[in-house]
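S.K.: Mind having a look at this structure? Questions to follow.
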Amino acid sequence: MRYIKQEIFSKIGKENQLKLYKSTVSVVGIGALGTILLDILARSGIGKIKIIDRDIIELSNLQRQTLFTEEDLGKPKVVVGKEKISQINSEIDIEAHLIDLDHDNINIIKSDLILDCTDNIYTRFLINEYSRKNNIPWIYTSVIGSKGMTMNVTKENPCFACIFKEPRQALETCDTYGVLNTTPHALAAIQATEAIKILTGQDYNKDLIYYDLWKNEINKIKIRKSKDCRVCNGIYSYLEGKKLKGTIKICGSCNYQIKIDNINMEDLFNKLNKLNSIKTTDDCLILNDIIFFKTGRALVRAKTKEKAKAIIDRYLG
């Protein structure tokens, strides 16, 4: 009875509904796009959903990240996301990964379909290479302001690197350009619908979709494979770890992510245990201005990269 209205729709039916239940998808990034998409997919009856995110919930997220409430502030997004979705649909399997997706842990996203809800070009190039090498379809989607783009990347379609080149300068982000909270809803709806088409083996969109909600404009742009594409020619620089990330600012937050080598969480806990503001979970140590993760990284609340590094040094020095 749960999916009866969806099964009545001629393109789904009981047979395709069963295909959805037998499918595994990976949602990379549980922000504006990711929370909306996760909610849609769970209600649609996708049998297993892997959610991957590195960030915690902040007040500024609540304007557009619909799974979260004020009670969730300061908690990891994947942890809260799993709890909320399990309450919506207890019949499906939700697998949560509180990690920064990179070349050394990329196999976590092995699934029938990978859904990009990230906020950075590095991760998209990484997903694209993994997808191409392992013949797994993925759907690129991005939003900023009132605009959004989405594109299905399959073995029949051009890959992400065929269309998009590595930027030579910093790109606009929601921190610098803003984002209307209706934009991710519109793009997530398109992305989820295309996901359902791909998972049920039906004809899917072959173009790049560009949507501007403010102007009520939607365009479908024809795309072509590039003969000179490095990825289509078997060169996987991101997947092989040749394109490493340094200190990065998390889009839509006041946090900087810093990788830490050879961190011992037990020693760190003993060192910081005297602080009254410390909190612990299975995955991290939480202080007022910094969170240390067992995976060897930290999120630091600071106004600049330099101040973030100074805070790290103060705790680890």
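Read-outs throughout are calculated quantities, based only on the coordinates presented, and are distinct from any laboratory measurement. Since the model is a prediction, treat every value here as computed from it, not as a measurement. Backbone-built Cβ (ideal geometry, glycine too); neighbour counts: all protein chains shown.
S.K.: Towards the positive end of the charge dipole of the chain, with charges on Cβ (+1 Lys, Arg; -1 Asp, Glu), say which of ILE248, TYR140, THR183 has the farthest Cα.
M.R.: Checking the options against the dipole of the chain, the answer is TYR140.
S.K.: What is the sum of charges, Lys and Arg at +1 and Asp and Glu at -1, for the other residues whose Cβ falls under 14 Å from the Cβ of LYS197?
M.R.: Local net charge: -2.
S.K.: Let me spell out the model: positive unit charges on the Cβ of Lys and Arg, negative unit charges on the Cβ of Asp and Glu, origin at the Cα centre of the stretch 81-193. What dipole size does that give, in debye rounded to 20?
M.R.: 400 debye
S.K.: In debye, nearest 20, what is the charge dipole magnitude of the chain about its Cα centre with +1 on Lys and Arg Cβ and -1 on Asp and Glu Cβ, if you could check?
M.R.: Using only the charged Cβ atoms, the result is roughly 720 debye.
S.K.: For Rg/Rh (Cα atoms, Kirkwood Rh), the listed values are (1) 0.97; (2) 1.05; (3) 1.07; which was obtained by calculation from the structure presented?
M.R.: Looking at Rg/Rh (Cα atoms, Kirkwood Rh) for this model, the match is (1).
S.K.: What is the chain's relative contact order, in percent, from Cα pairs under 8 angstrom and six or more apart in sequence?
M.R.: Computed over the chain, the figure is 14 percent.
S.K.: Also: Give, in nm to one decimal, the length gained when the segment between LEU316 and THR193 is fully stretched (0.36 nm per residue of separation minus the Cα-Cα distance).
M.R.: 39.6 nm
S.K.: Ok, one more. Using a cut-off of 25 Å between alpha-carbon atoms, which lysines can reach LYS227, once sequence neighbours fewer than 8 places away in the same chain are excluded?
M.R.: LYS133, LYS155, LYS165, LYS206, LYS242, LYS243
S.K.: Related question: Kindly put PHE293, PHE164 in sequence by how many other C-beta atoms sit within 10 Å of each C-beta, fewest to most.
M.R.: With the fewest neighbours first, PHE293, PHE164 line up as PHE164, PHE293.
S.K.: Which pairs, out of LYS147/LYS222; LYS48/LYS84; LYS110/LYS147; LYS77/LYS303, put more than 27 Å between their alpha-carbon atoms?
M.R.: LYS110/LYS147
S.K.: Okay, moving on. Please report the net charge: other residues with Cβ closer than 11 Å to the Cβ of SER26, K and R +1, D and E -1.
M.R.: Working: positive: LYS48, LYS50, LYS110; negative: GLU95, ASP112, ASP116.
Taking every other residue near SER26 into account, the sum is 0.
S.K.: To continue, here is another question. How much length is gained if the chain between ARG2 and GLU266 is pulled fully straight, taking 0.36 nm per residue apart and subtracting their Cα-Cα distance, in nm to one decimal?
M.R.: Going from the current span to full extension adds 90.5 nm.
S.K.: Still on this model: To make sure I understand, if each residue's beta carbon is the centre and we count other beta carbons within 10 Å, what order do GLU129, GLU194, GLU70 fall in, fewest to most?
M.R.: GLU70, GLU194, GLU129
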